[in-house]
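Data block below; observations after.
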Amino acid sequence: MNRTRVLTGITTTGTPHLGNYAGAIRPAIAASRREDVDAFFFMADYHALIKSDDPARVARSRLEIAACWLACGLDPERVTFYRQSDIPEIPELTWLLTCVTAKGLLNRAHAYKAAVDRNVENGEDPDAGVTAGLYMYPVLMAADILAFDAHKVPVGRDQIQHLEMARDIAQRFNHIYGQDFFVLPEVQIEEQVATLPGLDGRKMSKSYDNTIPLFAGGAKALREAVMRIVTDSRLPGEPKEPECSSLYTLYRAFASDADAAAFHGALASGLGWGEAKQALFELLDGQLAPMRERYDALIAQPAHIEAILQEGARKARAIATPKLARLRDAVGLGSHVVVASAAGAARPRGEKPPRLASFRDDDGRFRFRLFAGDGEELLLSRAFDDPKAAGLAQKQLRQAGGSAALRPTSTGIVLELDGSEVGSTPSYADEAAREQALGRLREALDQLAGAAA
């Protein structure tokens, strides 16, 4: 089955509210469960720095939002879930794309133009308070998408221009360097996205300070918020107009069709606002309470969340690292000693692939070696007491490919997976020899991953 890669960015400012859940979180998680979708979800924490210079807020928001999506049902085993800032290839790609992006294109970006227009209206310098981060936002967003060859990117209508700019930048790079390096992403607009009213009847938004908390404050805070929803002055017994009521809109977004119809009829028959609010609270709490319990458990275990995100970063980098190696070669930044090939790249005819060879030490423990296609030994593993552990390390090595951590030492190179040393290279006489070995090892690892894919 051909799977469509769908990439979703998650803003890491503030605490999620009920409108975020109904409009973005719930439909995105549902879509990620489709068999024909290869879903990528990333927390856009580099983007958060454009809007916030409060490090404590940024750090706390990253934790809360990760816990929120996981509590709401995002399955990290099924999707690739990671932090933008854990993928060093993204800022590197941002620079490569910056060097082919026309300034005139960025001048037309809505967010930048809006900031300039406000300054002009206020009689200030057009660029007053405008950071390079705000100006370069579209290029960073393009890198987020193009690093993973995403086919579709779900966005709101205000972000359509940024997707179009990402396509323009990708096409410009492809044209300059003479090859289709990037998949051109397509915008995916959800026409039926739920837009919920807030406490005052306007669109629920942190900007209006009219939100209903998703998990913060527990059931008590949820009930207090629901009871503050603005209604008209009609008394109990007087017929209400459900279609004009925020209470009914909110109820309908979470109820079955039958229950929504019953609530509609009750309001039309004179149900009091107090009783209607209590019914809405019970409906919401019935659905949110199990997720809130999972959220509280996750927040209490930040190390568990960190492990999930690090595994997501490993999966993401297994794609991004060979991608960037190929792009570095394209622009002339590849190694002068050996050019690392992307995972799965074709080898010259007759060249043998790299291979792993297992053996048993004299002391009975288990090791493996990585050989280049010409037979040169590139890596010797550490000793494992259990053959299954040695086999698992080889499997992880094939999956990681060139994204595996390679740490140069004073003489050789140490290979690490998930922070643990797995093996090392022979010693080298000088730095030049070590750098040549590093390039050859990365190339072999990429080919190994490509053969396993």
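From the list Ala444, Ala390, exactly one residue is in contact with a Pro (Cβ under 8 Å, 6 or more places away or on another chain), modelled with pLDDT of 80 or more, open to solvent by less than 70 Å² (accessible area, probe 1.4 Å) and not in a loop (DSSP other than H, G, I, E, B). Which is it?
Ala444
State yes or no: is Arg108 basic (Lys, Arg) and either loosely packed, with under 15 Cβ neighbours inside 10 Å or touching a Lys or Arg at 6+ places or on another chain (Cβ under 6 Å) (or both)? Outline the logic, then answer.
Values: basic (Lys, Arg): yes; either loosely packed, with under 15 Cβ neighbours inside 10 Å or touching a Lys or Arg at 6+ places or on another chain (Cβ under 6 Å) (or both): yes.
When the stated conditions are applied, Arg108 passes them.
Considering each of Arg347, Arg328 in turn, give the residue that is modelled with pLDDT of 90 or more, within 21 Å of Ala449 (Cα to Cα), of a type in the set (Lys, Arg) and over 21 Å from the mean Cα position of the chain (by Cα).
On the way: Arg347 fails: modelled with pLDDT of 90 or more.
Only one candidate passes the filter, namely Arg328.
Given Ala225, Ala260, Ala266, which one is part of a helix (DSSP H, G or I), open to solvent by less than 40 Å² (accessible area, probe 1.4 Å), of a type in the set (Gly, Ala, Ser) and closer than 30 Å to Arg60 by Cα?
Being part of a helix (DSSP H, G or I), open to solvent by less than 40 Å² (accessible area, probe 1.4 Å), of a type in the set (Gly, Ala, Ser) and closer than 30 Å to Arg60 by Cα holds for just one of Ala225, Ala260, Ala266, which is Ala225.
Could you please give the count of residues in region 78-93 that are open to solvent by less than 60 Å² (accessible area, probe 1.4 Å), over 24 Å from Leu134 (Cα atoms) and in a loop (DSSP other than H, G, I, E, B)?
The total comes to 1.
Do any residues in region 274-303 that are within 22 Å of Asp232 (Cα to Cα) have Cβ atoms under 7 Å from those of residues that are surrounded by fewer than 19 Cβ atoms within 10 Å (Cβ to Cβ), where the two are at least six apart or on different chains, and which pairs are they?
Lys277/Met227; Phe281/Arg223
Does region 228-251 hold any residues that are crowded, with 18+ Cβ neighbours inside 10 Å and within 42 Å of the chain's Cα centre (by Cα), and which are they?
Hits for region 228-251 are Ile229, Pro242, Ser245, Ser246, Leu247, Tyr248, Leu250, Tyr251.
In region 184-222, what residues are surrounded by 15 or more Cβ atoms within 10 Å (Cβ to Cβ) and among the β-branched types (Val, Ile, Thr)?
Listed by number, the residues that qualify are Val187, Thr211, Ile212.
Quick one: how many residues across region 422-432 are more than 33 Å from the chain's Cα centre (by Cα) and open to solvent by less than 30 Å² (accessible area, probe 1.4 Å)?
Selection size over region 422-432: 1.
Among Phe173, Phe148, which is touching a residue at least 24 places away in the same chain (Cβ under 8 Å), open to solvent by less than 40 Å² (accessible area, probe 1.4 Å) and assigned to a loop (DSSP other than H, G, I, E, B)?
Only one candidate qualifies: Phe148.
Of the residues Val58, Val153, which is under 24 Å from the mean Cα position of the chain (by Cα), in a strand (DSSP E or B) and surrounded by 13 or more Cβ atoms within 10 Å (Cβ to Cβ)? Break it down stepwise before answering.
Working: Val58 fails: in a strand (DSSP E or B).
Testing whether each residue is under 24 Å from the mean Cα position of the chain (by Cα), in a strand (DSSP E or B) and surrounded by 13 or more Cβ atoms within 10 Å (Cβ to Cβ) leaves just Val153.
In region 178-195, what count of residues is obtained for those that are modelled with pLDDT of 75 or more, of a type in the set (S, T, N, Q) and assigned to a loop (DSSP other than H, G, I, E, B)?
2
Output the residues belonging to region 406-416 that are touching a strand residue (DSSP E or B) at 6+ places or on another chain (Cβ under 7 Å) and either open to solvent by 50 Å² or more (accessible area, probe 1.4 Å) or in a loop (DSSP other than H, G, I, E, B) (or both).
Initial filter on region 406-416 (touching a strand residue (DSSP E or B) at 6+ places or on another chain (Cβ under 7 Å)): 406-407, 412-416.
Across region 406-416, the qualifying residues are Arg407, Gly412.
Please state which one of Gly419, Gly402, Gly450 is open to solvent by 60 Å² or more (accessible area, probe 1.4 Å) and of a type in the set (Gly, Ala, Ser).
Gly419
Residues of region 3-24 being assigned to a helix (DSSP H, G or I) and either of a type in the set (S, T, N, Q) or crowded, with 21+ Cβ neighbours inside 10 Å (or both), which ones? Lay out the reasoning, then the answer.
Here is the first cut: in region 3-24, the residues assigned to a helix (DSSP H, G or I) are 18-24.
Of everything in region 3-24, those that are assigned to a helix (DSSP H, G or I) and either of a type in the set (S, T, N, Q) or crowded, with 21+ Cβ neighbours inside 10 Å (or both) turn out to be Leu18, Gly19, Asn20, Tyr21.
What about Val120, is it in a helix (DSSP H, G or I) and either of a type in the set (Phe, Trp, Tyr) or free of Cβ contacts under 8 Å to residues at least 12 places away in the same chain (or both)?
yes
Out of Asp38, Asp75, Asp53, report the one residue that is open to solvent by 20 Å² or more (accessible area, probe 1.4 Å) and in a strand (DSSP E or B).
Answer to the check: Asp38.
Taking Leu70 as the residue in question, decide whether it is out of contact with any Leu (no Cβ under 7 Å at 6 or more places or on another chain) and either within 14 Å of Ile10 (Cα to Cα) or in a loop (DSSP other than H, G, I, E, B) (or both).
The answer is no for Leu70.
The values are calculated or read from the model by the stated rules, or taken from the named source; none is laboratory data. Everything numeric here is computed off the predicted structure, so don't read it as measured data. Counting neighbours? That spans all protein chains shown, and the Cβs are built from the backbone with ideal geometry, glycine included. Accessible surface is based on the protein model in full, side chains and every heavy atom, while ligands, DNA and RNA are left aside. Shrake-Rupley method; radii C 1.70, N 1.55, O 1.52, S 1.80 Å.
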